[in-house]
Amino acid sequence: MELRHFIDTQDFSKAELLDLIELIRMIKMADKEGATPKLLQDVSLAMLFEEPSTRTRISFEVGITELGGHALYLKPGEIHLGVRESLSDTAKVISRYVDVIMARTLKHETMLGLAEHATVPVINGLTDYNHPTQVVCDVLTMIEHAQPGKKLEDFNVTFIGDATNVLSSLMLICTRLGMHFTHAAPKKYQAPQQWLDWANENCRESGGTVCVTDDPVEAVKEADFIYTDLWWWVGQEAEIPERRAAFMPRYQVNMELLKKAPAHCKFMHCLPASRGVEATDEVMDSPQSVIFDQAENRLHTEKGLLVWLVYPRLKKTDEGFKKQKADEILKFLEKMG
Ligand code: CP
């Protein structure tokens, strides 16, 4: 079975991503009926974190457990990761113990290094460049909350705010799937040219569109979904006054801005959020907000992703053969006394 990692949605075709989303949807439906299939019985998942997490950490651990496997939470500083031993040695060793690795790394290069040397699937749980598991979950959430009858290829998605790792992933998955994507931000915080080049390349194949503007009102006029993320992150504390001045009040998603969008428009946020900063409480708790459905969908997404990557690699051992092996070992133990 070919070894595949989940590092970047750009590594997958539109058809593969749609298959993955359909698998996630089916597992979610089974879960809602109380019938989650135990497809990953006894599978071990190593969860490596260089940064704290609420959603990613909990959804992966609960997800693998519900599928019949188990997770090892390796918190920041818990194991050698490029310190005291090479990253390649760590990746090779962990691969001998577990069936799948999920990692959140500070640097994208660390993620690429893990994937290069691991001999089991590696799932990217966020780096300084992207957050692919989040945006697969986001597309599922959009499909669930779209206007009835509206095709994926007709979705207008507007991201307002900083060019974060979530923005890069969202822009790339939306354009790969043929949607219409707009990024609204002050010039200094707009998506870099490289991301736009990739997004435009996606659009040439998919028929989608991508646009960057500094006008948030224009950007939301036809939006089916408005998405925002934090304006600053850990390590950017010194930039807070400058960033706040650049974004506030024009780029805050508040009721005034939301009302400029069509009435059916939904509000999304990957969370964690700084309430009252990039979005107001009124918007986050409004009937148009789908943020908690979105957060729940992380759990279903992780389950689908784990099944997709790991199930085809599992050895399907015959029960009779397992009993024969157990009998041999038991006989040897008896002989040992
Ligand atoms: N959205 C997201 O990845 O949340 P955590 O940082 O809590 O995992």
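The values are calculated or read from the model by the stated rules, or taken from the named source; none is laboratory data. Since the structure is predicted, the reported quantities are computational estimates derived from the model, not experimental observations. A quick note on method: Cβ atoms are made from the backbone with ideal geometry, for glycine too, and the neighbour counts reach across all protein chains shown. Areas reflect the complete protein model, heavy atoms only, side chains present, ligands, DNA and RNA absent. Shrake-Rupley method; radii C 1.70, N 1.55, O 1.52, S 1.80 Å.
Considering the stretch 35-64, the residues that are touching a residue at least 40 places away in the same chain (Cβ under 8 Å) and more than 16 Å from the ligand (Cβ to nearest atom) include one that is farthest from T90 (Cα to Cα), namely T36. Scanning the stretch 275-284 for residues that are open to solvent by 40 Å² or more (accessible area, probe 1.4 Å) and either within 13 Å of the ligand (Cβ to nearest atom) or within 23 Å of the chain's Cα centre (by Cα) (or both) yields one hit, R275. Residue pairs whose Cβ atoms lie under 8 Å apart, separated by 6 or more positions or on different chains, with the first residue in the stretch 72-84 and assigned by TED's automatic domain parsing to the domain that holds I58 and the second surrounded by fewer than 13 Cβ atoms within 10 Å (Cβ to Cβ) and part of a loop (DSSP other than H, G, I, E, B), are P76/P52. The single condition among (1) out of contact with any Phe, Trp or Tyr (no Cβ under 7 Å at 6 or more places or on another chain); (2) within 16 Å of the ligand (Cβ to nearest atom); (3) more than 19 Å from M171 (Cβ to Cβ); (4) open to solvent by less than 40 Å² (accessible area, probe 1.4 Å) that S289 does not meet is (1). The set of residues from the stretch 214-238 being crowded, with 16+ Cβ neighbours inside 10 Å and either outside the structural domain of I160 (by TED's automatic domain parsing) or not in a loop (DSSP other than H, G, I, E, B) (or both) comprises P216, A219, V220, F225, I226, Y227, T228.
Having 1 or more residues that are open to solvent by 30 Å² or more (accessible area, probe 1.4 Å), over 20 Å from P272 (Cβ atoms) and not aliphatic (A, V, I, L, M) is the bar; report the strands (runs of 3 or more DSSP E) wholly within the stretch 81-171 that clear it.
In the stretch 81-171, 156-160 are the strands (runs of 3 or more DSSP E) which contain 1 or more residues that are open to solvent by 30 Å² or more (accessible area, probe 1.4 Å), over 20 Å from P272 (Cβ atoms) and not aliphatic (A, V, I, L, M).
Filter the stretch 246-264 down to residues that are assigned to a loop (DSSP other than H, G, I, E, B) and free of Cβ contacts under 8 Å to residues at least 24 places away in the same chain, then give me how many there are. So the count comes out to 3.
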